[in-house]
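Below you'll find the structure, written out as C-alpha cells, and then a few comments.
The values are calculated or read from the model by the stated rules, or taken from the named source; none is laboratory data. Being a predicted model, the structure only gives us computed values, none of them experimental. When we count neighbours, we look across all protein chains shown, and the Cβ atoms used for this are built from the backbone with ideal geometry, even at glycine.
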Amino acid sequence: MIKHSLFFIAAFTVLISCNSTNNSPSSKTGGLSFDTIKYAKGFTINNIGQIKVLSVFNPWEGARGVVYKYVLCSKSEHLPDSLKKYQVIYTPVHRIICLSTTHVALLSFINRLNTMVGVAGPQFVSNREARKLITAGKILDVGYDQALNYEVIVSLKPDLVLAYGVNSETASEFKKLENLGIKVVLNGEYLESSPLGKLEWIKFLAAFYGLSNEANKEFTKVEQKYLGLLHMCDSIKEKPNILCGIPWKGVWYVPGGDSYAAQMIRDAGANYLWSESMQKESIPLNFEKVIERANSADIWINTGSANHLKDILSEDNRLGSIRAFKQKNIFNSNALTNSTGGNDFWESGIVNPDIILKDLIKICHPQLLPEHSLVYYKKLE
C-alpha cells in the first residue's frame, strides 16, 4: 500500500510538469497521460490511470499565479492521499448548475442539457431546449451575480456549480457555497483570446461526464471548418480597417490587441485599429482619443445594443461624424437577441466560432462567401 501511494505521488508530480500541447489526442509517458489542449491557455487535463486532474490557471482578469485543481474520478476508484487535498468530484456528474449562458452552450454541444438543474439569469438563455426545460420548471433560477439564491442552490443538490471569476474576490464569494457542501468549479473560457481556445473548454466540461473522446471528435470538426476559413483569407491583400465598440457612460472601451475580438478581426482578413496594444483586457479611452483613429475605419462593428443607426446617435450625436457611420457601414452582433435581453452571440457563439468567422468574412470580403447570409451579425440601417 505504501509503494502504491508513493507511485501516485511521483506520478502526479510528473504530470503537473508536463507540457500539454502535443499534436495527438492524448500523450502518454509510461502509465501517465495528458489530454491535448492545442489553443486554450487556461486549463490542462492530466491523467493518472482513470483519475483526471484538471488545472485551471488565472480564472479572472488580472489574476497572476492563481491555480485551481479538480480531481475527477469514479466513486469506486482508489484515490491516493496526495490528491485528496484538492477538490474531488465523482464522475460522471448528473446534476449541474450553470452561472453563465456560455456554460449552457457548452452543455448543449456535448448533449448534456438534461443534467442542468439550475441557471443564473434564465431570462438571458437563448437555447431553445434549455428554455423549454426552464418553462417546465426542470431548470430553476438560482439568482445572478451578487444575488445568488443559496437556498435554491442547496435544495437542488448539484454535483457541481460551474462558475466564472470576475476579480480577486471570486474565491471568497464562492467560499460560502463550499461551506454549504456545494462543489464549485471555475471555468475561465471567457478569458481566452483564441476563438478555438474558447471552444476547447468543451474538453474541460466533457471530462466531468466521461465524454472526452466525443468532445475531441466534435471539436475537431469545428476546428477543421475554422482553419479552412483561415486558409481562405491567407491570400487577402487589401484589408479593411475595423472600428470596434461604442462609448458607455462617456468611456469607450476598445478591445485590447490580444483579445478575442481582435483575433476574430485578424482571422477575417482585416486590420483592427488597436492591434498594437497587445493586451487581452479592454482599454478605456475618452471619446476624443478614439475619434483620432475612428475616421480611418472602413467598417464599424459590435456597437452595443444598437439595432438602428439612430440608436448610435442617441448615445452621442458626435458619433454621426465617423466615416463608417456616414457610409452606413456598421454591423452589430445582436441579430439573435431574445425578447428578455439575451444575445445568442454570447451564448452559442462560443461553440460556433466558424459561423462568426463566416459572418466577419462576409462583412469584410463579401466576394469570398457570396452564398453566406449573416447569422450573428446584422447591418444597421
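Only one entry of Lys221, Lys225, Lys237 meets the criterion of being more than 19 Å from the chain's Cα centre (by Cα) and not aromatic (Phe, Trp, Tyr), and that entry is Lys237.
When Leu360 is tested against (1) assigned to a helix (DSSP H, G or I); (2) exposed (fewer than 12 other Cβ atoms within 10 Å of the Cβ), only condition (2) is not met. Taking Asn114, is it in contact (Cβ under 8 Å) with a residue 12 or more places away in the chain, of a type in the set (S, T, N, Q) and either farther than 13 Å from Ile96 by Cα or crowded, with 20+ Cβ neighbours inside 10 Å (or both)? Judged against the criteria, Asn114 is not a match. Does at least one position in region 261-272 carry a residue that is among the polar types (S, T, N, Q), farther than 28 Å from Lys41 by Cα, outside the structural domain of Gly62 (by TED's automatic domain parsing) and in contact with a helix residue (DSSP H, G or I) (Cβ under 9 Å, 6 or more places away or on another chain)? No, region 261-272 contains no residue that is among the polar types (S, T, N, Q), farther than 28 Å from Lys41 by Cα, outside the structural domain of Gly62 (by TED's automatic domain parsing) and in contact with a helix residue (DSSP H, G or I) (Cβ under 9 Å, 6 or more places away or on another chain). Considering only region 264-277, I want to know if a residue exists there that is at pLDDT below 95, within 29 Å of Leu196 (Cα to Cα) and touching a strand residue (DSSP E or B) at 6+ places or on another chain (Cβ under 9 Å). Scanning region 264-277, I find at least one residue that is at pLDDT below 95, within 29 Å of Leu196 (Cα to Cα) and touching a strand residue (DSSP E or B) at 6+ places or on another chain (Cβ under 9 Å), so the answer is yes. The residues of region 187-206 include none that are aliphatic (A, V, I, L, M), within 30 Å of Ser155 (Cβ to Cβ) and surrounded by fewer than 23 Cβ atoms within 10 Å (Cβ to Cβ).
Here is a yes/no grid of residues against (1) of a type outside the set (A, V, I, L, M); (2) closer than 24 Å to Met264 by Cα; (3) at pLDDT below 95:
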site	(1), (2), (3)
Arg293	yes, yes, yes
Ala297	no, yes, no
Asn302	yes, yes, no
Asp311	yes, no, no
Asn317	yes, no, yes
Ile322	no, yes, no
Asn329	yes, yes, no
Asn332	yes, yes, no
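For Ser212, are the conditions met, namely being touching a Ser or Thr at 6+ places or on another chain (Cβ under 9 Å) and either closer than 22 Å to Gln50 by Cβ or without any contact (Cβ under 8 Å) to a residue 12 or more places away in the chain (or both)? Here the answer is yes, as Ser212 does meet what is asked. Tell me the residue from Pro158, Pro195 that is within 23 Å of Leu211 (Cβ to Cβ), of a type outside the set (Ser, Thr, Tyr) and in contact with a helix residue (DSSP H, G or I) (Cβ under 6 Å, 6 or more places away or on another chain), please. The match here is Pro195. Identification of helices (runs of 4 or more DSSP H) wholly contained in region 208-321 with 2 or more residues that are among the aromatic types (Phe, Trp, Tyr) and crowded, with 19+ Cβ neighbours inside 10 Å yields 212-233. Among the residues of region 80-118, the one identified as in contact with a His (Cβ under 8 Å, 6 or more places away or on another chain) and either assigned to a helix (DSSP H, G or I) or within 18 Å of Asn187 (Cα to Cα) (or both) is Thr115.
Among the helices (runs of 4 or more DSSP H) confined to region 125-185, the ones with at least 2 residues that are over 25 Å from Val53 (Cβ atoms) are located at 128-135, 150-155. Scanning region 342-351 for any residue that is farther than 26 Å from Ile110 by Cα and not β-branched (Val, Ile, Thr) turns up nothing. So for region 40-48 (the condition being part of a loop (DSSP other than H, G, I, E, B) and not charged (D, E, K, R)), does at least one residue qualify? Scanning region 40-48 turns up at least one residue that is part of a loop (DSSP other than H, G, I, E, B) and not charged (D, E, K, R).
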